[in-house]
Amino acid sequence: MGNSVCDGQASANQGRGTITTFYSPSAWIEDQAEQQLKQLSGWAGVRQIAAFPDLHPGKYGPVGCAVLADRLYPQLIGNDIGCGMALFALDLPARKFKLDKAERRMRALEGPLEADLSERLEEDGLAPDLFAQALGTIGGGNHFCEVQNLVEAEPDSGLDISRLYLLVHSGSRGFGNAVLGALPQGAFAGLLSDDPVAQNYLRDHDQAVLWARLNRQIIAERAAEALRADLHLISDAPHNLLEQKGTGWLHRKGAAKAVAGVIPLAGTRATPSYLLRPLGHADALGSLAHGAGRRYDRSSMHGRVRGKRSDLEAMTRTQFGGRILCEDRDLLIEEAPLAYKSAGDVAADLQDMGVAQTEAKFHPLLTFKKVKSEGRR
DNA sequence: ATGTGC
């Protein structure tokens, strides 16, 4: 069972929602994140919060939690509505993988896609020109597209240890940002279900969730085409989204939607990722951690790692013999593995707390972040 | 996390 920073007495503590934490006492959780968690529990109408081991401070509230509330808080979802992780199996034997060749080919992931994607948008019930220029692009920050080696799997997982896998972390790009930005002043105080502003937001939000999922699919198709492989989806799990739940609103912020099947848990570009099976814990709000969780904020990373050319060069290689395609100096530093907690520790906590079991473990092999556009080289 | 402006 998770413990509570509110001593389990929160329901008797007027005006505060209950907080259930699914991390061990030794987990790396910043004081600021727990302060944000407690503040959040006092927002009007907040009933219940599940906090996961990847919890870290965010702009409007902690990242790494699911929040059930009477009101809809758009800022809790943030601007990257529908952002999530998608894991694919590649029809590519690991023994045939040539890193140099793959690294050259994966450069094709940079920049907008030439193809006409209007039919793909329409297949998902979206307008044929809806942010079409950004569809199939990864974006910045912590987003990536990574080829992975399967190194451990439960015997009944159905995963083939000899094949390669692809993990995509991306979202709704400018679309979700526009949806959040279009809200009137006052929406951040919380919206009630019968408010037309809430209805309007929810309609756009649902489209952004569909768009983000399609974006991950198309990014994966671009990567598979570059690698001359077929692929099939294992799991797509969004972690920034809203759902109506009974009379309330379930907000997930950096918490994967996890109601069935298997859920990807991202490591870093140089540390393992995992595949988890949610166990339906009553207090987890149908959610799980989504990754390792940030340990240090972006700006402080510039003071924590050395930026000499040789140091940066070293940061493009991993202990597993893998590589990172990142030609943006700041991004290389801000997304260094040091900036993150251990996804292995996160997975272990989730297992110890009875919310998930680990199905498989993957090593990063080739992580695409960003390359300089071909025209400028 | 984004697109835009410096």
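The values are calculated or read from the model by the stated rules, or taken from the named source; none is laboratory data. Bear in mind that the values here come from a model prediction, so they are computed numbers and not experimental data. When we count neighbours, we look across all protein chains shown, and the Cβ atoms used for this are built from the backbone with ideal geometry, even at glycine.
Residue-wise test of (1) in contact with a helix residue (DSSP H, G or I) (Cβ under 8 Å, 6 or more places away or on another chain); (2) surrounded by fewer than 22 Cβ atoms within 10 Å (Cβ to Cβ); (3) closer than 22 Å to A:Val67 by Cβ.
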{"site": "A:Gly176", "(1), (2), (3)": "yes, no, yes"}
{"site": "A:Ala187", "(1), (2), (3)": "yes, yes, yes"}
{"site": "A:Asp194", "(1), (2), (3)": "no, yes, yes"}
{"site": "A:Asn200", "(1), (2), (3)": "no, yes, yes"}
{"site": "A:Asp206", "(1), (2), (3)": "no, yes, yes"}
{"site": "A:Ala212", "(1), (2), (3)": "yes, no, yes"}
{"site": "A:Leu242", "(1), (2), (3)": "yes, no, yes"}
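Condition check ((1) aromatic (Phe, Trp, Tyr); (2) closer than 25 Å to A:Leu332 by Cα; (3) in a loop (DSSP other than H, G, I, E, B)) across all residues:
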| site | (1), (2), (3) |
| --- | --- |
| A:Asp129 | no, no, yes |
| A:Ile138 | no, yes, yes |
| A:Asp156 | no, no, yes |
| A:Leu159 | no, no, yes |
| A:Ala178 | no, no, no |
Practice task
Hey, can you tell me all the residues within the range A:328-345 that are in a loop (DSSP other than H, G, I, E, B) and under 16 Å from A:Gly141 (Cβ atoms)?
Solution key: A:Asp328, A:Glu335, A:Ala336
Practice task
With the checklist (1) more than 14 Å from DNA strand B (Cβ to nearest atom); (2) under 17 Å from the mean Cα position of the chain (by Cα) in hand, flag the one item A:Gln244 doesn't pass.
Solution key: (2)
Exercise for the section: Sort out which residues of the range A:37-73 are within 13 Å of DNA strand B (Cβ to nearest atom) and at negative phi, and write them in order of number. Expected result: A:Asp54, A:His56, A:Pro57, A:Gly58, A:Lys59, A:Tyr60, A:Val63
Completion exercise
Pairing a residue in the range A:219-240 that is more than 21 Å from A:Ile263 (Cβ to Cβ) with any residue that is among the small types (Gly, Ala, Ser) and buried (at least 20 other Cβ atoms within 10 Å of the Cβ), where Cβ atoms lie under 9 Å and the two sit 6 or more apart in sequence or on different chains, gives A:Glu221/A:Gly136; A:Arg222/A:Gly136; A:Ala226/A:Ala102; A:Leu227/A:Ala102; A:Ala229/A:Ala223
Fill in the blank from the handout: Log entry, pairs with first residue in the range A:280-298 being more than 15 Å from A:Cys83 (Cβ to Cβ), second being away from DNA strand B (no atom under 12 Å from the Cβ) and acidic (Asp, Glu), beta carbons closer than 7 Å, six or more apart or on different chains, reads A:Ala292/A:Asp54
Exercise for the section: Scan (1) touching an Asp or Glu at 6+ places or on another chain (Cβ under 8 Å); (2) at pLDDT 95 or above for the single condition A:His302 breaks and write down its number. Expected result: (2)
Problem - Enumeration of residues in the range A:14-48 that are closer than 27 Å to A:Gly344 by Cβ, surrounded by fewer than 20 Cβ atoms within 10 Å (Cβ to Cβ) and out of contact with any His (no Cβ under 7 Å at 6 or more places or on another chain) - result: A:Ser24, A:Pro25, A:Ser26, A:Ala27, A:Trp28, A:Asp31, A:Gln32, A:Glu34, A:Gln35
Exercise for the section: Would you please list the contacts, defined by Cβ atoms under 6 Å and residues six or more apart or on different chains, that run from a residue in the range A:204-215 that is assigned to a helix (DSSP H, G or I) to a residue that is of a type in the set (Val, Ile, Thr)? Expected result: A:Asp204/A:Val179; A:His205/A:Ile81; A:Ala208/A:Ile81; A:Ala208/A:Val179
Exercise for the section: Name the residue, out of A:Arg317, A:Arg228, A:Arg269, that is within 23 Å of A:Thr137 (Cα to Cα), basic (Lys, Arg) and surrounded by fewer than 18 Cβ atoms within 10 Å (Cβ to Cβ). Expected result: A:Arg228
Handout entry: Criterion (closer than 29 Å to A:Gly181 by Cα and part of a strand (DSSP E or B)) met by exactly one of A:Leu90, A:Leu68, A:Leu113, A:Leu40
Key = A:Leu68
Handout entry: Filtered residue count, the range A:274-325, keeping only those that are within 16 Å of DNA strand B (Cβ to nearest atom), of a type in the set (D, E, K, R) and not in a loop (DSSP other than H, G, I, E, B)
Key = 2
Practice task
Considering each residue of the range A:145-178, count those that are within 22 Å of A:Gly293 (Cα to Cα), among the aliphatic types (A, V, I, L, M) and within 16 Å of DNA strand B (Cβ to nearest atom), and give that number.
Solution key: 2
Practice task
Hey, could you check the range A:93-142 for residues that are of a type in the set (Asp, Glu) and without any contact (Cβ under 8 Å) to a residue 60 or more places away in the chain and say which is farthest from DNA strand B (Cβ to nearest atom)?
Solution key: A:Asp100
